[in-house]
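The values are calculated or read from the model by the stated rules, or taken from the named source; none is laboratory data. These numbers were taken from a predicted model, which means no experiment stands behind them. Please note: Cβ atoms are built from the backbone with ideal geometry, for glycine as well, and neighbour counts cover all protein chains shown.
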Amino acid sequence: MYKYQLHLLFFIFFMGTSLWAKTIEVCASCEVKSIKEGIALATDFDTLLIKKGTYREFNIVVDKPLTLIGENCPIIDGEDRGEIIRVVSDNVTVDGLYIINVGTSYTTDYAAIRVVKSENFLIQNVVLEKLFFGIYLERSNNGKVYHNKIIGDALDEYNSGNGIQLWYSHHVQVDRNIVQGVRDGIYLEFSDNIAINNNISTNNLRYGLHFMFSNDDVYTGNTFENNGAGVAVMFSKGIKMERNIFKRNWGTAAFGMLLKEINDAEIIGNTFEENTIGINIEGSNRIVYKNNNFISNGWAVKVLGACYTNSFINNNFLYNSFDISYNSKLNDNVFEKNYWSNYTGYDLDKDGIGDVPYRPVKLFSYVVNRTPETIILLRSMFMDIIDFSEKVSPVFTPDNLLDAMPLMKRSE
Amino acid sequence: MLKILKYSFYDLMRSRWSYVYFLFYLALGFVLLFLNNDLSKAVITLMNVIIVLVPLISTIFGVMYFYNSKEFTELLLAQPLKRSSIFLGQYLGVAGSLTLSLVLGLGLPFVLYGLFKSDTIWDFSLLLITGAFLTLIFVALAFNIAISNENKIKGFGYAVLLWLFLAVIYDGLFLMSLILFEEYPLDSFSLAATMFNPIDLSRTLILLKLDISALLGYTGAIFKQFFGTYTGLTVSITTLILWTVLPIWRLSYKAKRKDF
Amino acid sequence: MIQIENLYKKFGKNQVLSNLDLDIHGSGIFAVLGPNGSGKTTLIKCILGMVVPSSGEIEIQGSTIKKNWRYRQEINYLPQIANFPGNLKVKELIRMIKDLRQKDSKEKDLIRLFDLDSFLDKKLSTLSGGTKQKVNIVLTFMFDSPLIILDEPTTGLDPGSLIKLKELLTQEKSKGKTILITTHIMQFVEEMSDEIVYLLEGNIFFKGNVEQLKTKTNQTDFEHAIAAIATRTSDA
């Protein structure tokens, strides 16, 4: 130990003064045997190289700008005793750690890695298992959460946490993470200008992605599959959602995506496949839906309450049990040039646009809204006859709810 | 019985109607696939055809065959043959040739189209199995009607009425009762009501494949149990088998006691 | 050969056979006669098991026919209306019946006898009534069974074929067979039958040979004798 310190002093003398950060190795047989010890020893901008092994530590506070790098996936075992890493300094990098056994509490949100009031952080290549909360960003901006794998084993909502949570954090990139088996895969609250790209959020108890009061965020290329309720975007403005995949979110209150009080959003090029409800829209206005694919959903789009000036253009509605469901007789939304696989019209002038308008709301969807058990009569001849008569002379469905220019072929 | 089956089958294979039926399905399959170019859409359209047309054709064809082969039946009755074998043989001959027309007529275009490379094959196989069951059931029901009615016109009338009832009216009454009693928990009722109509039952079986996303949206615990697990599939298929066996059993019971 | 006791048959409200007893033993041609609706065909169908009796007992060669079908192996039956599956060819029909009965047959001689060779490859639906009846006869006589039942065998036959049929019957009788015939042609009965069974209102009104009938009715002419039975009953 003494020898090492001498060595260290020597090192600092040479390198530290010339602004070169030094590397501290941590391992069972090294001089520095624990991460906490390493952090205590380190000075700003040093690198902690954590070697393969198991470190039974918790409440590790990173209070100076350091780089924590795991070599060959060292395990940090919190032994269920509480939070594991807390970053309270700017410019911290956490890389390549395997963190397990985060403590569960009903009063404190213990996280595997918590970043508090810090800037320019980078958390990458981290694997989290047996966790409560995963990566928790609190009032921290301009950072990046990249290529992490969070695998929870949550069973009940009340005693489980979220995979990646952002709270009052802005300008953060969340990219290429895999999150599964937690309560909400990715949760945003009061966080603006966030980019969420290429993540895979599956098998979570509640939402794959959950937005609350967060504006001007972008999420693209993510996959949300088999989450308890899908993706919820609520009380937010100016969100862009592009090329995401929402798949197999099944259940009573499950949907590919829930939009609640969302204004001025763009939803472009997404795929909604085999969800009970593709998109559930409540009180959302001025949203553009373009080039999305709705495939084999129970309800492709369910519109509840007042939703104004939304436009659905160039989408593909393929083999959904119901294309659109409305619960009111009013319609202020535009449907244009979509492809509907249920369309049976013709195109005599061969311009690729059907000559007869398509009415996407079936009477049967009203009946099912009223008496859910009637779903069992789906696709029966009787219902087809009733739907046909409603198509010919609409009584229950909004008269102007139609696609006057239905495409004859799928839009690419 | 096998001999009767053989001869009825040969007889039917020679008759124009088997070919008409076969060609109809063949044409339908080709039209659906090559005009649409969309396997999934074709499967959905086929479902409608199967749950509406298959019962209709089976009923009419069954009644027609039974009445037309009256003399043949009498010829056979004077032969040293068991009565039940005669009727079961004829039944299997008709049902078999209809099923064959259905499976081959629809199967060929789909195989040519490249069904085996597609993952729609399971939906499609389920459709064909359901169609086969419906054929078996409705031919059996038709034979039952015909054996109980000497009068051809009456027999045809009842047969068409039966089809109309099971294909349309039943669902209308079903819907009405669901809406009328909507305050009550209805999921056991609606599942039970489905079981009592082979067309609804087949439809449900297909829904399990095509519309499972929508079905799982409903809250009822019994629904969830039924649709969310293999229970639905098992119960439906068992009931379909019952629906096939019971009319056949009644047919052979009636056949033993009928005067010719 | 045939033993019938207390046979009753009711179709709906219509009592067709009531308390009928009949014994037919030994070889010979037995003509079952009676006015329309007297139950001739029903009786024959009861024997064949095509009609299920309301009550009563029928025994063929000493064993009951109830819930039995193998005894029909010993019966050749010629149905009244020769209407066969139209899609089959004559040849195929013959082959089919042979296949069903699995018995030695002599259809070739019969086909030659009735000049049916040219019709063998024709479909049954294209044949005339007379030809159909000939095919019917071939099917009936091609097996060697101790009991032969013919329901109106003369329908549609030309005189030549009728003669051949009579020859055939005589031949079979000489082999010691029991032959049961219903017909409306009295001349045929007088010429061929050994014994007459006269049915009236579902029961046997008379059983005996032609001479006995003439004596009973005090008529010299057979046809008159039959007619006399009919008038006497209408008087009664």
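The residues listed here are C:Leu48, C:Leu43; of these, the one that is under 22 Å from B:Leu76 (Cβ atoms), out of contact with any helix residue (DSSP H, G or I) (no Cβ under 9 Å at 6 or more places or on another chain) and either aliphatic (A, V, I, L, M) or within 10 Å of chain B (Cβ to nearest Cβ) (or both) is C:Leu43. Looking only at the range A:360-399, how many residues end up being more than 27 Å from B:Asp187 (Cα to Cα) and touching a strand residue (DSSP E or B) at 6+ places or on another chain (Cβ under 8 Å)? Count: 2. Of everything in the range B:61-91 that is of a type in the set (A, V, I, L, M) and out of contact with any strand residue (DSSP E or B) (no Cβ under 6 Å at 6 or more places or on another chain), the residue that is farthest from the other protein chains (Cβ to nearest Cβ) is B:Val63. Only a single criterion out of (1) under 24 Å from A:Asp387 (Cβ atoms); (2) away from chain B (no Cβ under 14 Å); (3) within 20 Å of the chain's Cα centre (by Cα) is not satisfied by A:Asn280, namely (2). Residues in the range B:144-153 that are of a type in the set (Lys, Arg) and either under 15 Å from B:Trp249 (Cβ atoms) or at pLDDT 95 or above (or both): 0 in all. Looking only at residues in the range C:99-124 that are surrounded by fewer than 20 Cβ atoms within 10 Å (Cβ to Cβ) and within 11 Å of another protein chain (Cβ to nearest Cβ), the one that is farthest from B:Ile4 (Cα to Cα) is C:Lys123. Scanning the range A:289-341 for residues that are at pLDDT 90 or above, assigned to a loop (DSSP other than H, G, I, E, B) and away from chain B (no Cβ under 14 Å) yields A:Asn291, A:Asn292, A:Asn314, A:Asn315, A:Lys337, A:Asn338.
Looking only at residues that are part of a helix (DSSP H, G or I) and in contact with a helix residue (DSSP H, G or I) (Cβ under 8 Å, 6 or more places away or on another chain) in the range C:64-91, which one is surrounded by the fewest Cβ atoms within 10 Å (Cβ to Cβ)? The selected residue is C:Gln73. For the range A:345-364, a residue qualifies if it is assigned to a loop (DSSP other than H, G, I, E, B) and farther than 20 Å from A:Val301 by Cβ, and the qualifying residues are A:Gly345, A:Tyr346, A:Asp347, A:Leu348, A:Asp349, A:Lys350, A:Asp351, A:Gly352, A:Asp355, A:Val356. The sole residue among A:Gly238, A:Gly228 that is more than 19 Å from A:Tyr289 (Cα to Cα), at pLDDT below 95 and either small (Gly, Ala, Ser) or surrounded by fewer than 17 Cβ atoms within 10 Å (Cβ to Cβ) (or both) is A:Gly228. The one condition from (1) modelled with pLDDT under 85; (2) within 17 Å of the chain's Cα centre (by Cα) that C:Ile148 does not meet is (1).
Yes or no, residue by residue, for (1) at pLDDT 90 or above; (2) closer than 24 Å to A:Met383 by Cβ:
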{"position": "B:Phe116", "(1), (2)": "no, no"}
{"position": "B:Ser125", "(1), (2)": "no, no"}
{"position": "B:Phe133", "(1), (2)": "yes, yes"}
{"position": "B:Ala142", "(1), (2)": "yes, no"}
{"position": "B:Val160", "(1), (2)": "yes, yes"}
{"position": "B:Asp171", "(1), (2)": "yes, yes"}
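Quick check: anything in the range C:66-76 more than 17 Å from the chain's Cα centre (by Cα) and more than 9 Å from chain B (Cβ to nearest Cβ)? Yes, some residue in the range C:66-76 is more than 17 Å from the chain's Cα centre (by Cα) and more than 9 Å from chain B (Cβ to nearest Cβ).
Here's the yes/no breakdown for (1) at the interface with chain B (Cβ under 7 Å from one of its Cβ atoms); (2) in a loop (DSSP other than H, G, I, E, B):
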| site | (1), (2) |
| --- | --- |
| A:Tyr366 | no, no |
| A:Ile375 | yes, no |
| A:Arg379 | yes, yes |
| A:Phe382 | yes, no |
| A:Ile386 | no, no |
| A:Lys391 | no, no |
| A:Pro394 | no, yes |
| A:Asn400 | no, yes |
| A:Ser411 | no, yes |
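Given the structure, is B:Phe133 aromatic (Phe, Trp, Tyr), more than 17 Å from the chain's Cα centre (by Cα), part of a helix (DSSP H, G or I) and buried (at least 20 other Cβ atoms within 10 Å of the Cβ)? Spelling it out, it is not the case that B:Phe133 is aromatic (Phe, Trp, Tyr), more than 17 Å from the chain's Cα centre (by Cα), part of a helix (DSSP H, G or I) and buried (at least 20 other Cβ atoms within 10 Å of the Cβ). Suppose we filter the range B:182-208 for residues that are more than 9 Å from every other protein chain (Cβ to nearest Cβ) and more than 21 Å from B:Val43 (Cβ to Cβ); how many remain? Of the residues in the range B:182-208, 7 are more than 9 Å from every other protein chain (Cβ to nearest Cβ) and more than 21 Å from B:Val43 (Cβ to Cβ).
So, C:Pro53, is that one closer than 19 Å to C:Phe143 by Cβ and not β-branched (Val, Ile, Thr) or not? No. Return a yes/no flag: does the range A:250-262 have any residue that is part of a loop (DSSP other than H, G, I, E, B) and more than 24 Å from A:Thr202 (Cα to Cα). The answer is no, given that none of the residues of the range A:250-262 is part of a loop (DSSP other than H, G, I, E, B) and more than 24 Å from A:Thr202 (Cα to Cα). What about C:Lys89, is it within 10 Å of another protein chain (Cβ to nearest Cβ), in contact (Cβ under 8 Å) with a residue 12 or more places away in the chain and out of contact with any Lys or Arg (no Cβ under 7 Å at 6 or more places or on another chain)? No: the conditions fail for C:Lys89.
Note on the range A:127-152: among residues that are crowded, with 24+ Cβ neighbours inside 10 Å and out of contact with any strand residue (DSSP E or B) (no Cβ under 6 Å at 6 or more places or on another chain), the one that is farthest from A:Asn199 (Cα to Cα) is A:Phe132.
Of all the listed residues (B:Ser101, B:Ser97, B:Ser118, B:Ser58), the sole one being within 13 Å of another protein chain (Cβ to nearest Cβ) and out of contact with any strand residue (DSSP E or B) (no Cβ under 6 Å at 6 or more places or on another chain) is B:Ser97.
Rundown of residues vs (1) of a type in the set (Asp, Glu); (2) over 25 Å from A:Ala254 (Cα atoms); (3) in contact with a His (Cβ under 7 Å, 6 or more places away or on another chain), yes/no style:
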| site | (1), (2), (3) |
| --- | --- |
| A:Lys302 | no, no, no |
| A:Asp323 | yes, no, no |
| A:Lys329 | no, no, no |
| A:Asn333 | no, no, no |
| A:Gly345 | no, yes, no |
| A:Leu348 | no, yes, no |
| A:Ile353 | no, yes, no |
| A:Lys362 | no, no, no |
| A:Thr374 | no, no, no |
